[in-house]
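Student: Structure in structure tokens, see below.
The values are calculated or read from the model by the stated rules, or taken from the named source; none is laboratory data. All values derive from a computational prediction rather than experimental measurement. Here Cβ is always computed from backbone atoms with ideal geometry, including for glycine, and neighbour counts include all displayed protein chains. Keep in mind that these areas ignore ligands, DNA and RNA; they rest on the heavy atoms of the full protein, side chains included. Shrake-Rupley method; radii C 1.70, N 1.55, O 1.52, S 1.80 Å.
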Protein chains: 2
Amino acid sequence: MTLVPPPAARVGDSLASVATPSLTIDLDAFDANLAAMSAFAMRHGVALRPHAKAHKSSEIARRQIEAGAVGVCCQKLSEAYPFAAAGVKSIHVSNEFVGVDKLAMAVELASHVRLSVCVDALPQVQALGDAAARAGVTIDVLPEVDAGQHRCGVTNEDALLAIVDGIASQSALRFAGIQAYHGGIQHVIDWTARKDEASRAADVAARYVRALDARGVACAIVTGGGTGTVEFDATSGVFTELQPGSYLFMDGDYGGIGWSGDLRWRHSLFVLSMIMSATRPGMAVCDVGLKGLAVDSGLPRSVQWLDANSEPALTYLCANDEHGMLKAQREPEVDFAERVGKRVLLPPGHCDPTVNLYDEYVCHRNGRVTDIWPIDARGLSR
Amino acid sequence: MTLVPPPAARVGDSLASVATPSLTIDLDAFDANLAAMSAFAMRHGVALRPHAKAHKSSEIARRQIEAGAVGVCCQKLSEAYPFAAAGVKSIHVSNEFVGVDKLAMAVELASHVRLSVCVDALPQVQALGDAAARAGVTIDVLPEVDAGQHRCGVTNEDALLAIVDGIASQSALRFAGIQAYHGGIQHVIDWTARKDEASRAADVAARYVRALDARGVACAIVTGGGTGTVEFDATSGVFTELQPGSYLFMDGDYGGIGWSGDLRWRHSLFVLSMIMSATRPGMAVCDVGLKGLAVDSGLPRSVQWLDANSEPALTYLCANDEHGMLKAQREPEVDFAERVGKRVLLPPGHCDPTVNLYDEYVCHRNGRVTDIWPIDARGLSR
């Protein structure tokens with residue numbers, strides 16, 4: 001017996017008939033973001049290696065590479081598999097990993113793509129070098145330096161140099177540069193303060209490059225930067241490669257910070273939901289909650305009626321597992337009963353973990369579904 | 001080219017070799033919880049219809065039914081499909097829904113299982129009755145009453161009676177009783193206060209039952225109750241059926257409330273993670289963050305070393321997408337570098353949305369993997 005739920009949408013459907021909840025992409029906004037970041041990186045002569053942890057979709061990676069990206073970043077080894085399978089040729093795993101199962105993934109991936117990875121301790125270098133040599137593959141290594149986030153990464157030049165020596169002693173590893181990513185400053189609200197923080201992180205990276213230089217080690221790649229800091233990183237004179245991810249989509253978190261420079265990103269990612277109950281004045285209940293919206297960076301900051309005539313203005317008040325509580329902003333007595341069945345669009349507070357809840361993007365233009373893209377790296381966190 | 005990540009675990013593996021992050025079940029604790037709830041419901045002569053939104057696994061539903069459950073609840077129609085496909089005979093969709101795509105799912109499900117659903121407005125009754133009649137199926141309907149949560153459900157007896165009349169006028173619908181669920185009181189910390197709240201919710205349900213009685217309508221089923229209130233609901237004299245879900249697993253949220261009665265639940269669900277970086281004194285970084293732990297109800301409240309000798313005591317400080325920051329509780333200068341590669345067990349703050357991030361449970365007993373159960377309703381929120 002084949003008993004599976006019907007598809008949420010088919011190409012050609014009206015957006016107003018797409019099943020809810022669905023994760024939707026406004027392709028006009030998406031294309032504008034895609035093109036703007038590519039042009040920006042090209043203009044500044046830095047490589048663009050977008051972070052695929054944001055979209056987890058080989059269809060999107062293909063478009064980014066067609067637009068000039070040199071490859072993608074992944075945050076986990078398992079996450080890299082669908083991109084490798086789809087023909088992405090260059091993948092950087094921007095994270096540390098340990099253990100025999102992880103090493104086995106690394107060498108398998110390295111036999112299909114040009115793989116680079118991060119390390120921040122000597123035992124990782126040795127284990128990786130041994131595994132790569134046994135498998136007959138070569139892996140590029142970019143030691144991570146702590147650019148100020150105090151998460152992963154070496155904390156002093158001596159530790160970096162010891163790791164570089166360790167890489168040099170491994171015939172199957174190749175020192176390719178360093179990673180200096182500071183996630184903690186991406187969402188600094190004040191644009192000038194964010195610029196200053198980015199400058200400090202670049203200074204830290206530069207210090208490590210000078211230490212390598214003094215040892216006669218060329219640092220071909222300095223990779224890092226996110227959507228919040230790329231405009232500063234690109235002109236820092238330090239970074240050679242940028243890793244932004246969220247710029248394609250925007251989200252509540254990035255939408256809430258100051259954008260005083262030339263770069264502007266449009267919201268392209270929305271959860272399509274439906275009012276499914278309204279039995280109390282001024283309140284409505286929609287059909288998406290914690291299982292369709294990541295709330296770690298807050299609830300959706302706006303509720304847009306798909307049919308603009310549906311009004312009145314709503315606030316997304318709280319999320320249960322499969323319910324979203326909506327409240328009229330101004331009319332406490334308004335009866336939403338007649339609006340049951342109407343659709344609303346919700347911008348996620350945080351795009352990355354929201355994307356990770358869905359199996360596909362429903363892409364639309366001019367109110368029609370034009371593409372359905374699988375989120376083929378969904379759930380791949382190993 | 002087949003290029004997919006290797007499996008996280010195989011039956012027979014040591015738990016200490018399972019790939020991280022993985023969602024694991026301690027089967028001794030799980031079995032104890034399963035048996036205790038079944039015995040509790042049987043002892044009190046109430047039907048047990050566990051909520052499958054908590055576990056989303058037909059393997060677990062099968063075990064619940066073998067242990068005496070009358071069927072399961074689902075929160076969404078699409079969520080019901082894998083349970084129907086796996087042979088669960090009785091499914092209650094404990095939620096409202098609207099729209100042609102949802103009605104199509106309801107009638108398809110009703111042609112395979114005994115389906116009951118909730119409604120809280122007359123148009124839903126009419127649409128459902130028409131769809132069921134056209135498809136030649138019969139659907140049980142349990143109008144939802146607002147037991148105090150102020151989410152879904154009718155808010156007065158007249159509205160309920162109008163809906164019951166509406167159901168009676170539809171040849172393909174059958175009035176089966178009412179649903180009175182109050183999610184807002186499940187986590188009241190003080191046991192006595194929670195008992196009082198549960199009593200108030202039961203009083204509300206009783207009021208609706210009396211109104212039906214006065215109209216000569218028998219209310220065979222009063223369904224509701226969650227893990228936090230079942231001990232009161234079972235003895236209320238009002239509820240005939242209980243819907244708990246989290247009792248199988250427990251989580252940080254339920255672990256933090258008072259349990260003064262006879263019922264005690266053991267933590268059986270843990271995310272297995274690994275220390276993958278430690279370059280700063282007193283700090284370690286593990287490989288699970290927002291994409292493997294739902295944080296809407298808080299971070300993991302404890303960090304257990306899988307190897308008890310690994311010590312020292314840790315606090316899970318904050319979650320990034322794929323990183324968890326861990327901090328030594330007492331030794332600010334301790335160096336975790338030698339503990340990179342060690343595994344830790346993390347109890348999720350909220351089980352339901354954490355389960356929804358994984359494709360399988362790795363089940364273990366005495367340190368060995370004994371079963372791998374697919375989370376076959378993962379992501380099914382339509």
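Student: Just checking, does region B:362-374 include any residue being over 24 Å from the mean Cα position of the chain (by Cα), of a type in the set (Asp, Glu) and not in a loop (DSSP other than H, G, I, E, B)?
Tutor: As a first pass, look at region B:362-374 and keep what is over 24 Å from the mean Cα position of the chain (by Cα): B:366-368.
With the extra rule that they be of a type in the set (Asp, Glu), the set shrinks to none.
Looking for residues that are over 24 Å from the mean Cα position of the chain (by Cα), of a type in the set (Asp, Glu) and not in a loop (DSSP other than H, G, I, E, B), one finds none in region B:362-374, hence no.
Student: Can you tell me which residue within region B:97-126, out of those that are open to solvent by 40 Å² or more (accessible area, probe 1.4 Å) and not polar (S, T, N, Q), is farthest from the other protein chains (Cβ to nearest Cβ)?
Tutor: Initial filter on region B:97-126 (open to solvent by 40 Å² or more (accessible area, probe 1.4 Å)): B:100, B:104, B:108, B:111-112, B:114, B:122-123, B:126.
With not polar (S, T, N, Q) added as a condition, the list becomes B:100, B:104, B:108, B:112, B:114, B:122-123.
Working: B:Val100: 8, B:Ala104: 7, B:Glu108: 8, B:His112: 6, B:Arg114: 15, B:Leu122: 10, B:Pro123: 7 Å.
Among those that are open to solvent by 40 Å² or more (accessible area, probe 1.4 Å) and not polar (S, T, N, Q), it is B:Arg114.
Student: Tell me which residues, restricted to region B:290-301, are of a type in the set (Lys, Arg) and either surrounded by 24 or more Cβ atoms within 10 Å (Cβ to Cβ) or not assigned by TED's automatic domain parsing to the domain that holds B:Leu346 (or both). Show your work before the answer.
Tutor: If we filter region B:290-301 for residues that are of a type in the set (Lys, Arg), which is where we start, we get B:291, B:301.
Within region B:290-301, just B:Lys291 meets the criteria.
Condition check ((1) buried (at least 20 other Cβ atoms within 10 Å of the Cβ); (2) away from chain A (no Cβ under 14 Å)) across all residues:
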{"residue": "B:Ala35", "(1), (2)": "no, yes"}
{"residue": "B:Ser38", "(1), (2)": "no, yes"}
{"residue": "B:Val46", "(1), (2)": "yes, yes"}
{"residue": "B:Glu59", "(1), (2)": "no, yes"}
{"residue": "B:Arg63", "(1), (2)": "no, yes"}
{"residue": "B:Cys73", "(1), (2)": "yes, no"}
{"residue": "B:Lys76", "(1), (2)": "yes, no"}
{"residue": "B:Tyr81", "(1), (2)": "yes, no"}
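Student: I've got another one for you. Could you list, in sequence order, the residues of region B:28-60 that are without any contact (Cβ under 8 Å) to a residue 12 or more places away in the chain and either outside the structural domain of B:Val70 (by TED's automatic domain parsing) or over 18 Å from B:Phe232 (Cα atoms) (or both)? Walk me through it before giving the result.
Tutor: Within region B:28-60, the subset without any contact (Cβ under 8 Å) to a residue 12 or more places away in the chain is B:31, B:39, B:43, B:45.
Residue satisfying the conditions is B:Asp31 alone.
Student: Additional query: Which condition breaks for A:Ser310 when tested against (1) at pLDDT 95 or above; (2) open to solvent by less than 40 Å² (accessible area, probe 1.4 Å)?
Tutor: (1)
Student: Something else now. Any chance you could count how many residues in region B:342-365 are open to solvent by 30 Å² or more (accessible area, probe 1.4 Å) and touching a residue at least 60 places away in the same chain (Cβ under 8 Å)? Spell out the reasoning first.
Tutor: We begin by selecting, within region B:342-365, every residue open to solvent by 30 Å² or more (accessible area, probe 1.4 Å); these are B:342-343, B:359-360, B:365.
Still in the list and also touching a residue at least 60 places away in the same chain (Cβ under 8 Å): B:342-343, B:360, B:365.
Result for region B:342-365: 4.
Student: State yes or no: is B:Arg10 at pLDDT 95 or above, of a type in the set (Lys, Arg), in a loop (DSSP other than H, G, I, E, B) and out of contact with any helix residue (DSSP H, G or I) (no Cβ under 8 Å at 6 or more places or on another chain)?
Tutor: Spelling it out, B:Arg10 is indeed at pLDDT 95 or above, of a type in the set (Lys, Arg), in a loop (DSSP other than H, G, I, E, B) and out of contact with any helix residue (DSSP H, G or I) (no Cβ under 8 Å at 6 or more places or on another chain).
Student: Criterion first (away from every other protein chain (no Cβ under 14 Å) and touching a strand residue (DSSP E or B) at 6+ places or on another chain (Cβ under 6 Å)) does B:Ala69 satisfy it? If you could, list the steps in order and put the result at the bottom.
Tutor: On the way: away from every other protein chain (no Cβ under 14 Å): yes; touching a strand residue (DSSP E or B) at 6+ places or on another chain (Cβ under 6 Å): yes.
Here the answer is yes, as B:Ala69 does meet what is asked.
Student: Just name the residue that is surrounded by the fewest Cβ atoms within 10 Å (Cβ to Cβ) out of those in region B:176-188 that are in contact with a strand residue (DSSP E or B) (Cβ under 6 Å, 6 or more places away or on another chain) and not in a loop (DSSP other than H, G, I, E, B). So that I can check it myself, show each step before the final result.
Tutor: Of the residues in region B:176-188, the ones in contact with a strand residue (DSSP E or B) (Cβ under 6 Å, 6 or more places away or on another chain) are B:176-181.
Adding the requirement that they be not in a loop (DSSP other than H, G, I, E, B) leaves B:177-179.
Numbers: B:Gly177: 21, B:Ile178: 27, B:Gln179: 28.
Here the residue is B:Gly177.
Student: Right, next: Given the criterion open to solvent by 10 Å² or more (accessible area, probe 1.4 Å) and either without any contact (Cβ under 8 Å) to a residue 40 or more places away in the chain or away from chain A (no Cβ under 11 Å) (or both), identify the matching residue among B:Glu338, B:Glu322. So that I can check it myself, show each step before the final result.
Tutor: Numbers: B:Glu322 fails: open to solvent by 10 Å² or more (accessible area, probe 1.4 Å).
On inspection, the qualifying residue turns out to be B:Glu338.
Student: Going through region A:149-163 one residue at a time, which ones are more than 7 Å from every other protein chain (Cβ to nearest Cβ) and buried (at least 20 other Cβ atoms within 10 Å of the Cβ)? Working first, answer last.
Tutor: Applying the first criterion (more than 7 Å from every other protein chain (Cβ to nearest Cβ)) to region A:149-163 yields A:149, A:156-163.
Those that are more than 7 Å from every other protein chain (Cβ to nearest Cβ) and buried (at least 20 other Cβ atoms within 10 Å of the Cβ): A:Leu160, A:Ile163.
Student: Further question on the same structure: What do you reckon, is A:Ser94 of a type in the set (Ser, Thr, Tyr), closer than 27 Å to A:Ala36 by Cβ and more than 9 Å from every other protein chain (Cβ to nearest Cβ)? Full working, then the answer.
Tutor: On the way: of a type in the set (Ser, Thr, Tyr): yes; closer than 27 Å to A:Ala36 by Cβ: yes; more than 9 Å from every other protein chain (Cβ to nearest Cβ): yes.
In short, yes.
Student: Let me ask you something else. Quick check: anything in region B:327-348 part of a loop (DSSP other than H, G, I, E, B), touching a Cys at 6+ places or on another chain (Cβ under 9 Å) and not small (Gly, Ala, Ser)?
Tutor: At the first step, the residues of region B:327-348 found to be part of a loop (DSSP other than H, G, I, E, B) are B:329-336, B:340-342, B:347-348.
Okay, now just the ones that are also touching a Cys at 6+ places or on another chain (Cβ under 9 Å), so none.
The answer is no, given that none of the residues of region B:327-348 is part of a loop (DSSP other than H, G, I, E, B), touching a Cys at 6+ places or on another chain (Cβ under 9 Å) and not small (Gly, Ala, Ser).
Student: Here's something else I'd like to know. Within region B:325-335, is even one residue of a type outside the set (A, V, I, L, M), open to solvent by less than 50 Å² (accessible area, probe 1.4 Å) and either within 25 Å of the chain's Cα centre (by Cα) or at pLDDT 95 or above (or both)?
Tutor: Step one: filter region B:325-335 for residues of a type outside the set (A, V, I, L, M), giving B:327, B:329-333, B:335.
Filter again for open to solvent by less than 50 Å² (accessible area, probe 1.4 Å), leaving none.
No, region B:325-335 contains no residue that is of a type outside the set (A, V, I, L, M), open to solvent by less than 50 Å² (accessible area, probe 1.4 Å) and either within 25 Å of the chain's Cα centre (by Cα) or at pLDDT 95 or above (or both).
Student: Given (1) modelled with pLDDT of 95 or more; (2) under 30 Å from B:Val98 (Cβ atoms); (3) within 14 Å of chain B (Cβ to nearest Cβ), where does A:Thr2 come up short, assuming only one miss?
Tutor: The one condition A:Thr2 does not meet is (1).
Student: Now, a different point. Which condition number does B:Ala172 fail, the rest of (1) at negative phi; (2) within 14 Å of another protein chain (Cβ to nearest Cβ) being met?
Tutor: With (1) at negative phi; (2) within 14 Å of another protein chain (Cβ to nearest Cβ) applied to B:Ala172, the lone miss is (2).
Student: Please list, ordered by residue number, the helices (runs of 4 or more DSSP H) wholly in region B:30-133 having 2 or more residues that are more than 30 Å from A:Val340 (Cβ to Cβ) and modelled with pLDDT of 95 or more. It would help to see each step written out before you state the result.
Tutor: Details: elements: B:58-66, B:77-85, B:100-110.
Result: B:58-66.
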